[in-house]
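Working notes, structure below.
The values are calculated or read from the model by the stated rules, or taken from the named source; none is laboratory data. The model shown is predicted, which means the values in this text are computed figures rather than measured ones. Backbone-built Cβ (ideal geometry, glycine too); neighbour counts: all protein chains shown.
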Protein chains: 2
Amino acid sequence: MSSNSCPAAAAATFTTPPGAHPLPLDADAFRRQGRQVADFIADYYDRIEDYPVRPNVSPGFLAAQLPDAAPSWPEEPDALASALRDVRDLILPGLTHWQSPRHFAHFAATASNAGALGEFLAAGLNVNPFTWAASPAAAELEVVVTDWLGQALGLPEKLLFRGGSGGGGTLLGTSCEAMLCTIVAARDQKLLKIGEDRIGDLVVYCSDQTHFSFKKAARVAGIRRGNCRVIPTRFEDGFALSPAALAAAVRDDVARGKVPLFLCATVGTTATGAVDPVRELCAAVGAGHGSGVWVHVDAAYAGGACVCPEFRHVAAGAEEADSFSTNPHKWLLANMDCCALWIRRPGLLVAALGAGEDEDAILNKAPPAARGMQADLMVDYKDWQVPLSRRFRALKLWLVLRCHGVEGLRGVVRGHVRMAAAFEAMVRADPRFEVPVPPAFALVCFRLRPLAAHPGSSSGIDEVNGRLLEAVNGTGRAYMSGAVVGGAYVLRCAVGNSLTEDRHVREAWSVVQEQADAILAPSDDEDRCCTDQIQTEMELQRRPLGAAADVFA
Amino acid sequence: MSSNSCPAAAAATFTTPPGAHPLPLDADAFRRQGRQVADFIADYYDRIEDYPVRPNVSPGFLAAQLPDAAPSWPEEPDALASALRDVRDLILPGLTHWQSPRHFAHFAATASNAGALGEFLAAGLNVNPFTWAASPAAAELEVVVTDWLGQALGLPEKLLFRGGSGGGGTLLGTSCEAMLCTIVAARDQKLLKIGEDRIGDLVVYCSDQTHFSFKKAARVAGIRRGNCRVIPTRFEDGFALSPAALAAAVRDDVARGKVPLFLCATVGTTATGAVDPVRELCAAVGAGHGSGVWVHVDAAYAGGACVCPEFRHVAAGAEEADSFSTNPHKWLLANMDCCALWIRRPGLLVAALGAGEDEDAILNKAPPAARGMQADLMVDYKDWQVPLSRRFRALKLWLVLRCHGVEGLRGVVRGHVRMAAAFEAMVRADPRFEVPVPPAFALVCFRLRPLAAHPGSSSGIDEVNGRLLEAVNGTGRAYMSGAVVGGAYVLRCAVGNSLTEDRHVREAWSVVQEQADAILAPSDDEDRCCTDQIQTEMELQRRPLGAAADVFA
């Protein structure tokens, strides 16, 4: 057993006078250093457009420029200033700039002053609110702010603390954690009934549009790899999960002696923003009617849109679901990371993820005697998640809501939706392109038509669109992503950054058009398969940018 | 399917002129607001001693003071300033102050200027480096900084990237995540050999001193509740896990047709800081010799001490282990949250937690062609963890190492160890108290002797020590925790905060003595069982504070 009374430890002294080393935590220095970093970040925002969105670097570029080992002592008197120079000179040029107004790939990580400052404040206070007692104000603020957000999204009261029916919310890091925790809660409840040895019979359901995090979460929870039913969606259904197909899959499994456990319905899929019909899906699996299929609604991206009443219909039926999650770090200005999860029966989470009494002494958990009439406000959030330790995320989300209000968030969402509609209009105005699926929220999927690439043939069109994406991203002036939906490759333009303005969307479209010009131009190396007639027709149909730009009015 | 071309969405406009709403992300405002928050945090550090460490609040105190719903619009022109006043007036008085120099409970969440500013910087840049391509500099900095830290701790090269044997590190949030990810990696490797239907046969091992997070992680991973072998430890072994007892448990399981899967060895247990003998435990389960038992070393707290060569012996044998984790947010100045995990065969993590090719298009993952000779530096860290999205934690840890150097971290650890030794000396100088287990690292477990409470009887001593802890914590002038070890209740004094100085440790001991005086004083209501003789003897033996204080020299 190690002991600090061993001679080496007891005799240990500073090898350099302690005075030579900066105090780790020092209020006076903090004032000065806080300004240095605030100015550094502000400078970054000022100059963010100067960086190519996606850096042009080769693997190993950074490692090659850094020392092989951590320094023994900071080499400079103002180590922070020197470190910030390294961030500027070495790190920023190698980042993909998620906050760039020209970043349209994936879904955005929408940032705000309040979000960044909320993280700063939480890091400064640096409390670890794993139980109510471990920081009562932090636990209670999480209760309050998840209720605030749930209300702002129009969620059913069953999922909120204020509903009084036992539901409530928590703040985790990501949607995958929300899926994992709810699968485990559903799993343990089910196994308690049918016996632990039947874990191999449990089946989970999703669509071919569900985020791969769900399959991963199910695997982590010990669901057999073959027991995740991925139900195909169809173009005709807008790539939404069909309740009839789901019901059929569940029936098949029951007939084969399997045990349907969990459905992940998605509101706003990653590829196209499709919306699974929550109410009908709940009905299809008999949610809430004793069938025991847990329905989780993953609204990671599009849940944020529900701050606007005109989008709330997408979550219709959530009152039948067992849990609902969305990522305020995606669209609601809460910088990374922040996933809000609401549960109808948090007791099932606690049964699966809580611990026994043996830990309570060390954690100084409030004794049962203290847990009286207000016990519902004494939430020990460690029992709602995988980790013990947790950050004070509620402070950040509270600061965002406090500084922007619900109307402020609505303005952000509507601004992005408006810009996406403008982008869509520009795409539709160019006959070389098509918008194969209806845009959803602030996401536009588009592609070069087969005709434009190889008139008379659709072969190779996916490859051409892949080249187009790579060419667009290679400019550094816009960054988009791709997806395969319904067997076809599409480019994705997701508007969602706080710094994005109309001009950036127009420029992004210009970049796409320029790169399409270059790719479609017959070269000496290529088969000149375009006929003059088609080429001319396309030129005639292609309107100048100005014709579409008026939608930005 | 939802579409943004629906009339309601397209017609949506701001209900208030957009100019009335602050821009979410605004560089000019950021300079000003960043200073406001930096000053707020600095003021907090200046005044942190004015707060009782543990707040005296009742459940619901905060919820009662906040509005029922989020504001529609921020009500004040400077919403941030108003919010900061709320933090000061409503939230700070309800926090348990983890950064207080008088916080000796649990293990510390050691904070620093660099750690808080690193979080701030990461929140400002707000990148999401789930793959190398999603932010190359962030992924590479994580490779570099986990190697730096691993070297600084004296970890075997097998666990590092630089070792060239395929190992490497990552930064997660907490130890429980590290346990979960490694259990899942071990589980999937094993099930691939023996078949998925045998998940119910898998057995994991730990001691009765192992953090409860391990049992939780195993349960989350689908290990049967009855298949976690909790091996009792003994006072005579310093509460370390006995290799012989482990080997016997493994043999028993094999004989019963079970499949030994995973051992969690702890370096620095929560209750007493005990150190499991890693080398002997690896030998006992035949780690690295085809038995397939994965050995994970959980050094959440004490791993940080390995920055000091005089403590490295506690991790001896780690070269035989499959994985090793420690929490730089516990002792190495990296504010919450930061857990460093090193793996010998990261490919097993990727096999369990990676996803298929179908996701790669959306993620703009670099195509295979680009993954050439430097592919080992192109780490897609999403495949090393449960979530997809992740913060830029490497920036924080790099900033800490850059600003303090390895010698700076050594100074922090040695300072805390020295203060803990001083506390121990003061406890030992008071004959009413005992130190029942050797202090380890900067943790001292102590308690009132049975004689002191009820001379001639040991009954009720646990209850008396429990009352002592509650009395100490009730003063607000010191905050400690309790634990039951070897059947006895002890108080835990863990020195580990950046603001803690010698005087705080002395004062904490004074508080303990004062409260012990009060608890031990015969009252009218109590049975006056202390004899005058014993009382006098104890008074004689009890030296004044100054006698012990010289160890602070």
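Annotations
- Restricted to region A:112-149, and to residues there that are among the acidic types (Asp, Glu) and either assigned to a loop (DSSP other than H, G, I, E, B) or more than 7 Å from chain B (Cβ to nearest Cβ) (or both), the residue that is surrounded by the fewest Cβ atoms within 10 Å (Cβ to Cβ) is A:Asp147.
- Residue within region A:190-205 that is closer than 20 Å to B:Ser389 by Cβ and touching a Cys at 6+ places or on another chain (Cβ under 8 Å) present: no
- Counted residues, region A:384-400 - those being outside any loop (DSSP other than H, G, I, E, B) and closer than 21 Å to A:Ala351 by Cβ: 1
- Each residue in region A:263-303 was checked for being without any contact (Cβ under 8 Å) to a residue 40 or more places away in the chain and closer than 13 Å to A:Phe324 by Cβ, and 5 of them qualify.
- Taking the criterion of being more than 7 Å from chain A (Cβ to nearest Cβ) and β-branched (Val, Ile, Thr), the only residue of region B:89-111 that qualifies is B:Thr110.
- Of all the listed residues (B:Ile41, B:Ile91, B:Ile48), the sole one being in a helix (DSSP H, G or I), of a type in the set (A, V, I, L, M) and within 30 Å of B:Val490 (Cβ to Cβ) is B:Ile48.
- When residues of region B:207-223 are limited to those that are within 7 Å of chain A (Cβ to nearest Cβ) and under 15 Å from the mean Cα position of the chain (by Cα), the one surrounded by the fewest Cβ atoms within 10 Å (Cβ to Cβ): B:Phe212
- Tally, over region B:419-436, of residues that are touching a residue at least 40 places away in the same chain (Cβ under 8 Å) and within 8 Å of chain A (Cβ to nearest Cβ): 2
- Condition met for B:Ala274 (assigned by TED's automatic domain parsing to the domain that holds B:Thr146 and either over 19 Å from B:Leu443 (Cα atoms) or modelled with pLDDT under 95 (or both)): no
- Whenever a residue of region B:40-55 is more than 13 Å from A:Ser135 (Cα to Cα), its partners that are among the basic types (Lys, Arg), lying with C-beta atoms within less than 8 angstrom and at least six residues away or across chains, give the pairs B:Phe40/B:Arg88; B:Ala42/A:Arg31; B:Glu49/B:Arg102.
- Qualifying residues in region B:279-311 (those that are in contact with an Asp or Glu (Cβ under 7 Å, 6 or more places away or on another chain) and among the aliphatic types (A, V, I, L, M)) - the one nearest to the other protein chains (Cβ to nearest Cβ): B:Val295
- Of all residues in region B:51-88, those satisfying the criterion of being over 30 Å from B:Thr475 (Cβ atoms), in a loop (DSSP other than H, G, I, E, B) and at the interface with chain A (Cβ under 7 Å from one of its Cβ atoms) are B:Ala69, B:Ala70, B:Pro71, B:Ser72, B:Trp73, B:Pro74.
- Residue check, B:Arg279 surrounded by fewer than 23 Cβ atoms within 10 Å (Cβ to Cβ), over 23 Å from B:Asp188 (Cβ atoms) and over 24 Å from the mean Cα position of the chain (by Cα): no
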